[in-house]
1. Sticking with the crude label model, points 7 Å out along Cα→Cβ, report the distance from B:THR43 to A:SER575 in nm, one decimal please.
2. Is there a simple number for the mean count of other chain Cβ atoms within 10 Å of the Cβ of residues in A:49-61, and what is it?
3. Sort A:GLU469, A:GLU503 so the one with the fewest other Cβ atoms within 10 Å of its own Cβ comes first.
4. Determine the shape class of segment A:116-221: with a ≥ b ≥ c the square roots of the Cα gyration tensor eigenvalues, call it rounded for a/c under 1.5, and otherwise prolate if a/b is greater than b/c, oblate otherwise.
5. So what is the relative contact order of segment A:116-221, in percent, for Cα pairs below 8 Å that sit 6 or more residues apart?
6. Need the full-extension length gain, A:SER643 to A:GLN742, defined as separation in residues times 0.36 nm minus the C-alpha distance. One decimal, nm.
7. Would you calculate the volume per residue, in Å³, of the smallest convex hull containing every Cα atom of segment B:164-271?
8. May I ask you to derive the relative contact order of chain A, considering only C-alpha pairs under 8 Å and at least 6 residues apart, and to give it as an integer percent?
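What follows is calculated from the coordinates using simple rules that are stated; it is not laboratory data. A quick note: this is a predicted structure, and the numbers were derived from the prediction, not measured. Here the Cβ positions follow ideal geometry from the backbone for every residue, glycine too, while neighbour counts run over all protein chains shown.
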Amino acid sequence: MSKVCLYALALVAFSGYAQSHLTGKVLDENDQVLSGATVMVSKDSTGTILAYSISSGSGEFKVQLDSELDSLFLKVSYISYTTWQQHIQNKDQQLDIQLSPSSEELKEVLVKSKEIEQRGDTLNYSVSAFSDQKDRVIADVLKKMPGIEVMPGGQIKYQGEPIEKYYIEGLDLLEGRYNLANNNIAAKDVSQVQILENHQPIKMLDSLEFSERASLNIKLKKEVTVSGNAELGSGFSPLLWKAKITPMLFTKKNQAIVTYQANNTGSDVSREIRDFSIADFGREEFNTSKTDWLSIRQLAEPPFSQERWLDNNVHLGSANYLIRLKKDVDLKTNISYLNDAQQQIGNTQTRFFTPTDTIDLTENTNNDLFRSTLQSKFILERNTSDNYLKNELEINGFWDSQRGAINTGNTQVQQQLSNPFSVIRNKLRFLQPVGKQVVTFRSNTGYTEANQSLNVSPGQFEASLNDGEAYQELQQTVETNTFFSDNTAGFTKRIQGVTVSPELGVSVKNQSLGSQITIIDTDRTETLGGDFQNNLDFLSTHFYATSKFVYKKGDWNVRLTTPINLRSFDIQDTSLQENQNLSRVTFEPNLYVRNKISAFWETSISANLSNDFGDMQQLYFGFIFNNYRNLQRYNSPLPENFSQNYFWRLRFRNPLKSIFANLSYSFNQTKRNLLYSNQIGLNAATIFEAIEQDNFSNSHRIKVKTSKYFRELKTTLSLGSNFTISNREQILNGNLADVENQNLGFDLGLESDVTDWLSISYSGNYSVLQTRFEARNFDKIQTQQHQLDLFFYVADNQYFSVNSEYYYNNISEDNQNNYFLNFNYQYTFEEVGIDLNASWNNALNTDEFVRVSNTDFSYVQSTYRLRPSQFLLSLKFLF
Amino acid sequence: MKFTSSITMLILSFAFCSAQELTDKFKHKATYEMTWQIDSTDTESVQSETMIFFSGGGQSTFSSEGQHIGDSIQKAYKKLERTPQSFSEMRSKIPKTEFNYYITKDLASREVSYREEIVRDYYEYTEDFSNIDWRILPETKQIAGFAVQKAKTSYAGRHYTAWFTTEIPISDGPYKFNGLPGLIVRIADEKKFYVFELTGFKVLKDPVFDTQANEEYLETDKSSFLEIKEDYNANPIGAMEQTGISFQFEPGQKEKLEKERRARLKKENNPIELE
């Protein structure tokens, strides 16, 4: 019995629990022991590991195996040595294994990094995680990144707020004109897009003043990048052409982007040099943007993409160069020249409701607009932790002119406008430590000039200007210039955890306006005097004392500025013997508080009071013929506006889950001392009046925006909504009446690379506008816009795309629905890096767009001629 | 990666930096993304940080990338003249990190040593991992381009699942984990409070800063170290004052600081090692 038992036990042991011991040593080519080698046993060369051992300090290994297999596969590996492998019998045995060095390199990997990584206040978006086959430039990828928005004009927003700086490898080459980089740097050259939250661009102030603004940094893959793109295309009809070449250089010490772009395909290349600079916090900047006093009658531009309607012939050249002279000292030059000839064709039908009648006016409009613009900037910047200097010299010249022909059915009106403008400005900011404080000096000085003229034939306003007699031509000339200078000195000091920055400043602005109306008839030329001329001097001086207090503790940031201003205005017109003087002391505090509630949540509030006063464009005593239907003057006191602004924001961001959201509410109340009213006379001419009466306007605005990236679906979804309710007082039949506008809008965006062969891009918005005039409701205006692009990747180097757009408005009688369709095919010659692109734009041949608008006294229906169905073939090179 | 390039720059600009600061014993570098939840009751407390792993000659070192870069910068600046400016410049370059430890391992002996500075003192304790066993499971898959196999173990009160690859025959991994027949590509505890994922692996061609050289370590054991750290956490100001650093507080400020600290500690209830 016991024998049987013993036998049975042995059987069990052999069949189920066959155990073998493998022992041995691992040696290198010189018979030295290798410790830390892995010894693995599997069933066969592809099987999973059954047992393993790591060789000890003396190179010995011991593997114990419970397996009934007859043969085993033994594998011994050591890093940088060739793996030893062999079939062995499943039995106890002793093996000495010698490994020989391997020249084979180990597989290196860099895992496609997380889509978004957070490092303190920096968010790193991985470009490869967000890009797909069709994406060529970094702007294509940027718009898919949750939390980041690229607006239709090219401005970049992070969490609903515009970015402050656009750095390339930490250098600010383009200042605010970052579209040029964004639309040309190849996505494949960029490793990461970094969002620098709460970024203080001035290193010296880093620990003294917090910033609530975000900046963006482009991290390139290589330290030295020489790249660029070129494109050449042609098509019909009419004959279409486009050309573009953009070489770029990025090294540690030099950066350059140069471009030449030209086309007549409706692509508005002036976007490339649009400036999105943000004014320094709490600064009152002089407006140096172009001011036009006179205009020809324009057509309202359609609200959808320019490529569908812009009839252009544009050339743009731009050269941008940055050199790092020594550590943290940069010299920058940005020069751009734009030449454009645009044509607008359309008609406007206006129905005026006069007190007694309705008057219909049809204007068939044919406009030619010519632009010739030179913009240049020269910047020297030194930004170190103990010194800051930035000097910025800007010289811009605009030599623009316009020509317009209007056919009203019974008359032909010719308009000829020359509207040049030039500006030169120097801005200096200087920070230097003196003892324990930082001394600040700023200076902003400049000069602008605009000598413009408008000729209209036949002459208009015969009743007022020529004793009721028809005449040949009217000429309006306007000569204006502005000198301004703003100089500030102050210091920044830290007192018990509070950074205090008092400063004193004075600013002077001296404007002059000269205008004349000349009547040109067959036999005479007469320059009108009296009320039809201006000879105005407008001097405003502004003394201010400001203190800024910044406090930062833990999750709290507080900033309070307390400017006290003394403003005085001295306005006089010697020839009209009119003058006005005004002095005001104002207190315009601004408070900002931010609290970081948790890792994901942040909230902030701000409140400020501000006063602003009108400038020369709202105060002149003689009439100016602004356009062929408008003769206007502002014979009224200086406008004084007092406003209160309150703002609350809640932000959420979870980079680990790729969710971004923000919610904001703002309230504004403005008190004005003047009311303007346009009244319509019996002959459809408007009578413009300013009435001195305190009046208020209020507006409430709620905005919410959220976006999320779904990793599994490779999809970025964004949702947004905004609601605005505003009311203001207006004169109606001599009485104050309340006008209320309510606007509700929703938008939805989707960017999806859902499969290998298809990617989808959708954006849509819906908005309702309701206007109420006292108790009377106007018709609701509803608009919808949907854009859907489908990209089919038929092969690794080819795609076919369909771009569709739909625009709807409810108030036009016909033409409520507008459909557009483009087809596009791209073939890439991979060896040479050339894209061949064929596109058929406006395949449905939608030829015009009609839009309707209402004012208090008129109903306007305007028609704009669109670009016809067109075919375009182009070659693109990336280098 | 921003700091890697700044290190390269530092190496270039301080060419006189002596060779003994650099070591060429490490042949391979791996980076891991560590994601952890410091408060087990609050899913919002999830954070992540890049960890860095150097291996060569049967030994390895593991730390946060921030700690490694910070120490490299400090070493480079040690050679420079010390001025308040260079000090503040150096401070501004040191990245933030939540982890100040270094973990070094010896593959053959499976000895793991843990080093950390607490108020000017460098402590070290050693653990024997040879009795930490892995259970190899038949399941395989691809992660980050590597063929990986599943394995399980328990350590310090948590149950871990690891995925390792025999394509890289280094029986090592992130944190203290080691002893599998190949590099650990991913390891996470069963509640996913602590997750390490391989994000890069490369062969080193140039020497790297030996960030641990020249320090005198006070040898202790794990339980004593944890006591010291607990004492420090409970009263960091006291611990600092003991070493001769003096503080001047306004009345009530010290108490306030302590209160804030205790509130924060209460939330940091989920360390990687529970026992």
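1. Placing both labels 7 Å beyond Cα along the Cβ direction yields 7.6 nm.
2. On the way: counts 11, 2, 2, 8, 3, 12, 4, 5, 6, 1, 1, 1, 0.
Averaged over the peptide's residues, the number is 4.
3. With the sparsest Cβ surroundings first, the list reads A:GLU469, A:GLU503.
4. Numbers: a/c = 1.73, a/b = 1.57, b/c = 1.10.
Verdict is prolate for segment A:116-221.
5. 32 percent
6. 33.6 nm
7. Working: hull volume 21.4 nm³, N = 108.
Convex hull volume per residue, Cα atoms: 198 Å³.
8. Result for chain A is 7 percent.
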